Amino acid sequence: MSVQRADARDLPFPGAQFDLVMALYALHHVGGYSRALAEIARVTRPGGLFVFIEILRPAWWPKFHGGHAPEGLLSRKEFVGLLEGAGFEVERRRGSLRVAGVARQVAGLVE
């Protein structure tokens, strides 16, 4: 296993490269959730897994911008919508404000 530092919105890997991609407490720090999830989908092989732990906000809580979350924290509904829009199917999730889950790459979105 190796670790490489990269911009989540522009990953330096070929498409469909990984069987498993993990983002643990990371995505809310990225400006550009949609782009980051699209890149994660691009590098995840069809049928591969994206394992995540993310901090979310209650749907009734106002969206704050800045600080550690440049775009503000997403609600669960917003986050799941972005995952599905990137071609993932959420298989398991646990928690409400700190959500852990597994999403499977089903769309095969490879450039």
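No value in this document is a laboratory result; all are computed from the given coordinates. From a predicted model like this one, the values you see are computed outputs, not experimental measurements. Virtual Cβ from ideal backbone geometry, glycine too; neighbours counted across all protein chains shown.
For the reader, a short list of remarks on this structure follows.
- Charge tally in the Cβ shell below 9 Å around L11, where Lys, Arg are +1 and Asp, Glu are -1, L11 excluded: -1
- Over all pairs of different C-alpha atoms in the stretch 18-105, the reciprocal of the mean inverse distance, the Kirkwood hydrodynamic radius, equals 12.9 Å.
- Taking Cβ atoms as reference points and 9 Å as the exclusive limit, the residues near L49 contribute a net charge of -1, counting Lys and Arg as +1 and Asp and Glu as -1.
- Ordering of 52-61, 16-25 by packing [mean C-beta count within 10 Å, highest first]: 52-61, 16-25
- Given R0 = 30 Å, the distance between the Cβ atoms of R45 and D7 translates into a calculated FRET efficiency of 0.90.
- Interchain or long-range residues, amide H under 5 Å from G48's placed H: Q105
- Full extension of the segment from H29 to R92, taken as 0.36 nm per residue of separation minus the current Cα-Cα distance, would add 20.4 nm.
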